[in-house]
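Comments concern the structure below.
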Amino acid sequence: MLVSKNGIIKGKYGKPILMEYGYIPNGIKKPIIVFAHGFKGFKDWGHFNKVMEFFIENGFAFVKFNFSHNGGTIDQPIDFPDLEAFGNNNFTKELNDLRCVIDWVVGNNEIPTREIDTEQIYLIGHSRGGGVAILAANEDKRIKKLVTWAAVSDLVNRYDAEVMEHWKKEGVLYIANGRTKQQMPLYYQLAEDTIKNKDRFNIEKAASKLTVPHLIVHGTSDEVVPVAEAKNINQWNKHSEITILSGGDHTFGTTHPYVEKTLKGDVAIVLDKTLEFIKG
């Protein structure tokens, strides 16, 4: 019977990291997959619960989490009740959150040691979480395999000079959330933190240094992150392989909420390809 539990990891920036882990208790040491959501995302978005079940049923332990400043709270982890936290998020915080999660995986006393192989930690990141995952895999040698779904190839230069000037002057940039109808703030601290750490956040530099196996998956009809970004990452990382889905969109045909009982279409292809890769 599948074990699935929620937990809280203490973050470094005054906000907790809400996480969930699952596995089948059978006394077999299992690789652990850590999943990082993207911008305007959360661990229970759309089909992510079914993604977790898929990998657990195929012999892995699985950990997914909310970045501490993603805009959710412990009591309301779905959507974005804490827009102040969202506005104060940045890539330094996300990288440290991810490290905290991996620290928990390695040192936790909740999952019996006979059930997990902490020498085999695999990282999956979606969208902006994919970009952060590339940076993390370069910095943290405990990550042994990397998969990025619809990942960004640049975190530093995503806004043009006119937008940056407006952002600096006003101190805040608002991003519309079409689903929740919220105007979501990005405080200028994000730009300041990114500029200050632009070398650390350079995905091209990080990808070119990766030595772990890396699977890149992207759709040709991605309306959020152009498929050219996947091709860039593949070009930079000589240890990567790429799967491009003709007609695939940013979430591979899924939405929130996800009402389908099964995973089918593009998302099923993505999961099967990912499973084949991480088992290889």
(Q) Out of T113, T92, I need the residue that is over 28 Å from D199 (Cα atoms), hydroxyl-bearing (S, T, Y) and modelled with pLDDT of 95 or more. Which one? (A) T113
Q.
Tell me yes or no: at least one residue of the range 70-85 is in a helix (DSSP H, G or I), more than 17 Å from S127 (Cα to Cα), in contact (Cβ under 8 Å) with a residue 40 or more places away in the chain and touching a His at 6+ places or on another chain (Cβ under 8 Å).
A. yes
Q. Would you pick out the residues in the range 72-95 that are crowded, with 20+ Cβ neighbours inside 10 Å and closer than 30 Å to G265 by Cα?
A. G72
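Checking the conditions here, which among K43, K64, K93 is of a type in the set (D, E, K, R) and in contact with a Ser or Thr (Cβ under 7 Å, 6 or more places away or on another chain)? Spell out how you get there, then give the answer.
On the way: K43 fails: in contact with a Ser or Thr (Cβ under 7 Å, 6 or more places away or on another chain); K64 fails: in contact with a Ser or Thr (Cβ under 7 Å, 6 or more places away or on another chain).
Only one candidate qualifies: K93.
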Q: Please state which of the following conditions Y13 fails to meet, knowing it meets all the rest: (1) in a loop (DSSP other than H, G, I, E, B); (2) of a type in the set (S, T, Y); (3) more than 23 Å from F91 (Cα to Cα).
A: (3)
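In the set E119, E110, which member is farther than 30 Å from S221 by Cβ, of a type outside the set (S, T, N, Q) and in a loop (DSSP other than H, G, I, E, B)? Can you show your working first?
Values: E119 fails: in a loop (DSSP other than H, G, I, E, B).
Only one candidate passes the filter, namely E110.
From the residues in the range 183-222 that are β-branched (V, I, T), within 21 Å of A133 (Cβ to Cβ) and surrounded by fewer than 19 Cβ atoms within 10 Å (Cβ to Cβ), which one is farthest from the chain's Cα centre (by Cα)?
Applying the first criterion (β-branched (V, I, T)) to the range 183-222 yields 194-195, 203, 211-212, 216-217, 220.
If we keep only those that are within 21 Å of A133 (Cβ to Cβ) as well, we get 194, 203, 211-212, 216-217.
Among the residues that remain, those that are also surrounded by fewer than 19 Cβ atoms within 10 Å (Cβ to Cβ) are: 211-212.
On the way: T211: 20, V212: 17 Å.
In this case the residue turns out to be T211.
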Q. Is it true that P213 is in contact (Cβ under 8 Å) with a residue 40 or more places away in the chain, more than 24 Å from N70 (Cβ to Cβ) and either touching a helix residue (DSSP H, G or I) at 6+ places or on another chain (Cβ under 9 Å) or polar (S, T, N, Q) (or both)?
A. yes
Q: Kindly indicate the residue of the range 88-126 that is touching a helix residue (DSSP H, G or I) at 6+ places or on another chain (Cβ under 8 Å) and among the hydroxyl-bearing types (S, T, Y) and also farthest from L275 (Cα to Cα) among those meeting that condition.
A: T92
Q | Enumeration of residues in the range 144-174 that are loosely packed, with under 12 Cβ neighbours inside 10 Å and of a type in the set (S, T, N, Q) | A | N157
Q.
Report every pair of residues separated by at least 6 positions or lying on different chains whose Cβ atoms are under 9 Å apart, first residue within the range 137-154 and assigned to a loop (DSSP other than H, G, I, E, B) and modelled with pLDDT of 95 or more, second hydroxyl-bearing (S, T, Y) and surrounded by 17 or more Cβ atoms within 10 Å (Cβ to Cβ).
A. R142/T118; A150/S127; A150/T251; A151/S127; V152/S127
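The values are calculated or read from the model by the stated rules, or taken from the named source; none is laboratory data. Please read all numbers here as calculations on a predicted model, not as lab measurements. All Cβ positions, glycine included, derive from the backbone under ideal geometry; neighbour counts span all protein chains shown.
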